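Colleague: Let me begin by handing over the structure; questions about it come next.
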Amino acid sequence: MATRNVSEVRSYPFSEPERLETEPLFRTLRQEEPLSRVRLPYGEPAWLATRYEDVKVVLGDPRFSRAASVGRDEPRMRAHLPPPGNILSMDPPDHSRLRRLVTKAFTVRSVERLRPRAQEIAGGLVDAMLAKGSPGDLVADFALPLPITVICELLGVPYEDRADFRLWSDAFLSTTKFPPEQVAEYVERMREYMAGLIAQRRERPTDDLLGAMTLARDNDDRLSEEELLSLAQALLVAGHETTASQIPNFVYVLLTHPDELARLRADLGRVPQAVEELMRYVPLGIGAGIARYALEDIELGGVLVRAGEPVLPALASANRDESKFTEPDRLDLSRDETSHVGFGHGAHHCLGAPLARMELQVALETLLRRLPGLRFADADVEWKDGLATRGPTVLPVDWD
């Protein structure tokens, strides 16, 4: 076991994120220092796990806890701490209780029933792009409205309120885009908004997901009021933000890898496989995953993690681990090695992964089928700044 070197604590992220590039230092750390000491912009110092197998242990071993973060100054990219009753700050059985309430809406079978509607929405958005003519902005014209419409219909949130909850979502994910006091204001507005929708369900029950969650709270008392509000907010933000970012991310990567794009265009049946490789290849966040706290002394990555110490799983590094993937820095849409951790792993594996996969598949297939010759337009790509997620805010595109 290696000697614990706690004197050297690196600032993390190690460098300013460059579009969709991964940290160059990750490769060195995986080989020489798979568990290193880091300090994020906020919170206490932590261990950073960079190897695939170590990351899976942190995410999947019950000796690493999320609930133990409550009351701690946990390492994080944003000034604000998770709200009370947050499912991401729970361990089983509390985590399992909340997750069971919404799991049925996100099973593969349930999501497949939504595919025709997602295809209809995507087709309508492309119709509008074609009617308006090129160039178009893939973000505003397609990538944002597709997942927003789907999650609004699934949850039962009015689509016409999208400008408001988009702003609140940005505040929720803000690292430096908004000052802390404005973040607090917008997060409270979202809370009040969701509380209003829940109050409506109590007066007039509905058959959408928000109605089902409210019914579970009121009839079976399986959700506290805080848990209900927190879960509703999390579903609304996560239900559109990640997919809305990954659609233009995936298109950007494909357009910068023309040989792979040509192969995919020639066989759209490979889209599901391509989505898995893109999930592995594209780093969505600007930092590591959410910290887990060791409940006991655990040997990991050649060092001893003491009970009570936080460990950050570097998902982007794990997905580029040369001990797991062949030529990991190469985009290969025919890759059979699909066991990435792009959706996490373990108890907190992304609840909405089946929905995100379906939407990403529908998005790529529709764009490549309906917009032949899809390419960058003669205008600058604009990128997110000051948010926890990466991606273009404007992606100008042309087509034949």
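Colleague: Is there any pair with a first residue in the stretch 19-32 that is at pLDDT 90 or above and a second that is of a type in the set (A, V, I, L, M) and open to solvent by less than 50 Å² (accessible area, probe 1.4 Å) whose Cβ atoms are under 7 Å apart and which are 6 or more apart or on different chains, and what are they?
Modeller: That search, which allows pairs on different chains as well, returns Leu20/Val253; Leu20/Val282; Thr22/Ala316; Phe26/Ala314.
Colleague: Among the residues of the stretch 150-176, which ones are closer than 24 Å to Gly287 by Cα and of a type outside the set (Ser, Thr, Tyr)?
Modeller: Phe165, Arg166, Leu167, Trp168, Asp170, Ala171, Phe172, Leu173
Colleague: Is it the case, given these coordinates, that Asp400 is among the charged types (D, E, K, R), open to solvent by 40 Å² or more (accessible area, probe 1.4 Å) and more than 30 Å from Pro75 (Cα to Cα)?
Modeller: yes
Colleague: Sort out which residues of the stretch 10-40 are over 24 Å from Pro392 (Cβ atoms), of a type in the set (A, V, I, L, M) and part of a loop (DSSP other than H, G, I, E, B), and write them in order of number.
Modeller: Leu40 - this is the single residue of the stretch 10-40 that is over 24 Å from Pro392 (Cβ atoms), of a type in the set (A, V, I, L, M) and part of a loop (DSSP other than H, G, I, E, B).
Colleague: So, of the residues in the stretch 319-340 that are closer than 25 Å to Leu88 by Cα and either open to solvent by less than 10 Å² (accessible area, probe 1.4 Å) or out of contact with any helix residue (DSSP H, G or I) (no Cβ under 7 Å at 6 or more places or on another chain) (or both), which turns out to be modelled with the lowest pLDDT?
Modeller: Checked the stretch 319-340; the qualifying residue modelled with the lowest pLDDT is Ser339.
Colleague: Which of the residues belonging to the stretch 243-299 are within 24 Å of Leu88 (Cβ to Cβ) and small (Gly, Ala, Ser)?
Modeller: Of everything in the stretch 243-299, those that are within 24 Å of Leu88 (Cβ to Cβ) and small (Gly, Ala, Ser) turn out to be Ala244, Ser245, Gly285, Gly287, Ala288, Gly289, Ala291, Ala294.
Colleague: Please return the ranges of helices (runs of 4 or more DSSP H) entirely within the stretch 114-233 where 1 or more residues are closer than 19 Å to Pro248 by Cα and open to solvent by less than 50 Å² (accessible area, probe 1.4 Å). Write out each step before concluding.
Modeller: On the way: elements: 145-155, 162-172, 180-203, 209-215.
Here the list reads 145-155, 162-172.
Colleague: Check Phe343 against each of (1) within 24 Å of Asp91 (Cβ to Cβ); (2) surrounded by 20 or more Cβ atoms within 10 Å (Cβ to Cβ); (3) hydrophobic (A, V, I, L, M, F, W, C) and name the one condition it does not meet.
Modeller: Every condition holds for Phe343 apart from (2).
Colleague: Would you confirm whether any residue within the stretch 44-52 is on the phi > 0 side of the Ramachandran plot and modelled with pLDDT of 90 or more?
Modeller: No: zero hits.
Colleague: Right, another one. With the requirement that a residue be of a type in the set (D, E, K, R) and either more than 30 Å from Pro75 (Cβ to Cβ) or surrounded by fewer than 16 Cβ atoms within 10 Å (Cβ to Cβ) (or both), what does the stretch 355-390 give you?
Modeller: Glu359, Glu365, Arg369, Arg370, Arg375, Asp378, Asp380, Glu382, Asp385
Colleague: How about the stretch 71-86: which of its residues are in contact with a helix residue (DSSP H, G or I) (Cβ under 7 Å, 6 or more places away or on another chain) and either among the acidic types (Asp, Glu) or at pLDDT 95 or above (or both)? Outline the logic, then answer.
Modeller: The first filter runs over the stretch 71-86 and keeps only residues in contact with a helix residue (DSSP H, G or I) (Cβ under 7 Å, 6 or more places away or on another chain), leaving 79-80, 82-86.
Within the stretch 71-86, none qualify.
Colleague: For Ala314, only one of the following conditions fails: (1) open to solvent by 20 Å² or more (accessible area, probe 1.4 Å); (2) at pLDDT 95 or above; (3) within 14 Å of the chain's Cα centre (by Cα); (4) small (Gly, Ala, Ser). What is its number?
Modeller: (1) is the only condition that Ala314 fails.
Colleague: Taking interchain pairs and intrachain pairs at least six residues apart, which have beta carbon atoms under 6 angstrom, with the first residue in the stretch 203-227 and closer than 20 Å to Ile87 by Cα and the second open to solvent by 70 Å² or more (accessible area, probe 1.4 Å) and at pLDDT 85 or above?
Modeller: Correct list of pairs: Gly211/Pro205.
Colleague: Here is a further query. Looking only at the stretch 70-84, which residues are more than 20 Å from the chain's Cα centre (by Cα) and either buried (at least 21 other Cβ atoms within 10 Å of the Cβ) or in contact (Cβ under 8 Å) with a residue 40 or more places away in the chain (or both)?
Modeller: Across the stretch 70-84, the qualifying residues are Arg72, Pro84.
Colleague: On to the next question. Could you run through the stretch 41-50 and say how many residues are open to solvent by 10 Å² or more (accessible area, probe 1.4 Å), of a type outside the set (Gly, Ala, Ser) and assigned to a loop (DSSP other than H, G, I, E, B)?
Modeller: If we filter the stretch 41-50 for residues that are open to solvent by 10 Å² or more (accessible area, probe 1.4 Å), which is where we start, we get 41-45.
Filter again for of a type outside the set (Gly, Ala, Ser), leaving 41-42, 44-45.
Okay, now just the ones that are also assigned to a loop (DSSP other than H, G, I, E, B), so 41, 44-45.
Count: 3.
Colleague: In the stretch 362-384, is there at least one residue being farther than 30 Å from Ala171 by Cβ, of a type in the set (Val, Ile, Thr) and in a helix (DSSP H, G or I)?
Modeller: Yes, the conditions are met somewhere in the stretch 362-384.
The values are calculated or read from the model by the stated rules, or taken from the named source; none is laboratory data. Everything numeric in this text was worked out from a predicted model, so none of it was measured. With ideal geometry, Cβ positions are generated from the backbone for all residues, glycine too; neighbour counts draw on all protein chains shown. Ligands, DNA and RNA are stripped out before the accessible areas are found, and what is left, the full protein with its side chains, is counted by its heavy atoms. Shrake-Rupley method; radii C 1.70, N 1.55, O 1.52, S 1.80 Å.
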